[in-house]
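The values are calculated or read from the model by the stated rules, or taken from the named source; none is laboratory data. Because the structure is predicted, anything quoted here is derived from the model rather than measured. In this analysis, Cβ positions are derived from the backbone assuming ideal geometry, glycine residues included, and neighbour counts consider all displayed protein chains. What goes into the accessible areas is simple: the full protein's heavy atoms, side chains included, and nothing from ligands, DNA or RNA. Shrake-Rupley method; radii C 1.70, N 1.55, O 1.52, S 1.80 Å.
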Amino acid sequence: MKKKVGLLGGTFNPPHMGHLVIAEQVLEKAQLDEIRFLPNHVPPHKQADERVTVDQRLRMLEAAIKGHPRFSIERIELERQGASYTYDTIKLLMEREEDTEFSFIIGGDMIEYLPKWYKIEELQHMVKFIGVNRPDYTHESSFNVQLIEVPAIDLSSSYIRDTVNKGQTVRYLVPDDVYRYIKEEKLYE
């Protein structure tokens, strides 16, 4: 029987409670063996934030998932240079781990965006998509997406960055160790 692994991709700049809630809910409701957080090197649809290094994002992510036995970090996109396309990542993971069935976790915003994904026709035959509800987005798609209901937490990394930049607290929006790291490193100020 193949191991079932969910991949949750993102910049994680910073990782927040919304990411962790999604990961935990999908882990349980989709009956996966583990969740791997997949920090991307250069997301194809976003501008890179030069103020926070890849190493700092990794340290925050490590702090966020510390102690969870079924959460880990998949560094494959950080090891490659250039844009991080899901197709290329899944292809490499499948070659590396033939005994694993991968699911790719996406939010409602990405469900709508699926038709624009790089090599989506091939990708839909390689990976199972798990979509989580997100406020103000439709969850309908012509692609096969397993929808999983998670508590609605309207929280984003950009909101956290903006809040810190304004000199306000983000306590309880990010895990305690991430909160301490942001303060110690003076990130987003």
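Just one of (1) touching a Phe, Trp or Tyr at 6+ places or on another chain (Cβ under 9 Å); (2) surrounded by fewer than 16 Cβ atoms within 10 Å (Cβ to Cβ); (3) among the aromatic types (Phe, Trp, Tyr); (4) more than 25 Å from residue 28 (Cβ to Cβ) fails for residue 117. It is (2).
Among the conditions (1) open to solvent by 50 Å² or more (accessible area, probe 1.4 Å); (2) outside any loop (DSSP other than H, G, I, E, B); (3) without any contact (Cβ under 8 Å) to a residue 60 or more places away in the chain, the only one that residue 142 does not satisfy is (2). One residue alone among 72, 84 is hydroxyl-bearing (Ser, Thr, Tyr), within 26 Å of residue 161 (Cβ to Cβ) and under 12 Å from the mean Cα position of the chain (by Cα), and that residue is 72. Looking at the structure I just gave you, is residue 109 within 27 Å of residue 58 (Cβ to Cβ), within 16 Å of the chain's Cα centre (by Cα) and surrounded by fewer than 16 Cβ atoms within 10 Å (Cβ to Cβ)? Against the criterion (within 27 Å of residue 58 (Cβ to Cβ), within 16 Å of the chain's Cα centre (by Cα) and surrounded by fewer than 16 Cβ atoms within 10 Å (Cβ to Cβ)), residue 109 qualifies.
Of all residues in region 94-106, those satisfying the criterion of being free of Cβ contacts under 8 Å to residues at least 24 places away in the same chain and either open to solvent by less than 10 Å² (accessible area, probe 1.4 Å) or assigned to a helix (DSSP H, G or I) (or both) are 95, 96.
If you scan region 145-189, which residues turn out to be assigned to a helix (DSSP H, G or I) and among the small types (Gly, Ala, Ser)? Scanning region 145-189 gives 157, 158. Take the conditions aliphatic (A, V, I, L, M), more than 20 Å from residue 6 (Cα to Cα) and either touching a residue at least 40 places away in the same chain (Cβ under 8 Å) or open to solvent by 80 Å² or more (accessible area, probe 1.4 Å) (or both) and apply them to residue 63. Does it pass? Here the answer is no, as residue 63 does not meet what is asked.
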